[in-house]
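What follows is a set of notes on a single structure, which appears directly below.
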Amino acid sequence: MLLEKGYDAGYAKYCDHTVLRAYTIVEKVKEFCQEAIEYGAAAVCVNPVHVKLVHEQLQGTDVKTATVIGFPLGANKTVIKAMEAAEAVKDGADEVDMVINIGALRGKDEDFVYEDIKAVVDAAKKVNPDTKVKVIIETCYLTDEEKITACQLSKKAGADFVKTSTGMGNGGATVHDIELMKKAVGDGVKVKASGGVDNRERAYMFLSAGADRLGVSRVPQIVSDDTSIASAAATNQPPKF
């Protein structure tokens, strides 16, 4: 899994090419899909409303369709998260990245957190047993002890990945968190680094620390190791009035 520095196209297969901003238009989603196909990304990750479109765009390729559940706060009722996950898989999602109930975790209501995760896992895999579920624990709001607990609960609930961040909080992935999470889940559950993975150096750093997947919006830059390269991400900016 560890990559040699200087390796280029191989980076893409670790990347979920991600476009989740509220102002994203359909044309931009299509551009991300084309970039993902061109560079060989692992997946394109979008909001649930775009899942059906992305599934159609990626048909016949090896790039997976991914989406987010309870995003970005994780504070939806469990029944809503489960329904959202099931609907996303019906629309063609191969992978769902759910946000835990962060407040419940910090309040030490571990039973609630576990049942919340398990409901999403069960709902997604009931529609398609091959669906991969990633659990976003939003590390920037947690102590190390809470991060470990979140990882252990995710593993117990049957998740396939634990993930650092939504990219919408006050911090993103760190090497410390990747190493901590990797140790907490052990074998059988993978780790995704997300938030601030915007160049080759940082991608290499997180993969070296043990990340199995990266949540990024700049696959072309990471593959080319050139921050000046144009990409769909570079033009996906808020509208100016």
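A few comments on the model shown:
- Options VAL63, VAL44; residue that is in contact with a Leu (Cβ under 7 Å, 6 or more places away or on another chain), in contact (Cβ under 8 Å) with a residue 24 or more places away in the chain and more than 23 Å from ALA119 (Cβ to Cβ): VAL44
- Within the stretch 103-125, residues that are in contact (Cβ under 8 Å) with a residue 40 or more places away in the chain and over 24 Å from GLY92 (Cβ atoms) reach partners that are surrounded by fewer than 20 Cβ atoms within 10 Å (Cβ to Cβ) and of a type in the set (Asp, Glu) with beta carbons closer than 6 Å, at six or more positions or on different chains, in the pairs LEU105/GLU146.
- Every listed requirement among (1) under 18 Å from the mean Cα position of the chain (by Cα); (2) part of a helix (DSSP H, G or I); (3) touching a residue at least 40 places away in the same chain (Cβ under 8 Å) is met by LYS134 save one, (2).
- Single residue of SER228, SER224, SER194 found to be surrounded by fewer than 19 Cβ atoms within 10 Å (Cβ to Cβ) and in contact (Cβ under 8 Å) with a residue 60 or more places away in the chain: SER224
- If the condition is being among the acidic types (Asp, Glu) and under 17 Å from the mean Cα position of the chain (by Cα), then the stretch 167-201 contributes ASP177, ASP198.
- Flag if VAL63 is buried (at least 17 other Cβ atoms within 10 Å of the Cβ) and among the β-branched types (Val, Ile, Thr): yes
- Residues in the stretch 20-30 that are more than 17 Å from GLN59 (Cβ to Cβ) and in contact (Cβ under 8 Å) with a residue 24 or more places away in the chain were compared, and the one that is surrounded by the fewest Cβ atoms within 10 Å (Cβ to Cβ) is TYR23.
- Taken over the stretch 81-129, residues that are touching a strand residue (DSSP E or B) at 6+ places or on another chain (Cβ under 6 Å), charged (D, E, K, R) and over 16 Å from THR166 (Cβ atoms) amount to 1.
Bear in mind that the values in this text are calculations on the coordinates, not laboratory data. Just so we're clear, the structure is a prediction, and the values are computed from it rather than from any experiment. Quick reminder, even Gly has a Cβ in these numbers, built from the backbone with ideal geometry, and neighbours come from all protein chains shown.
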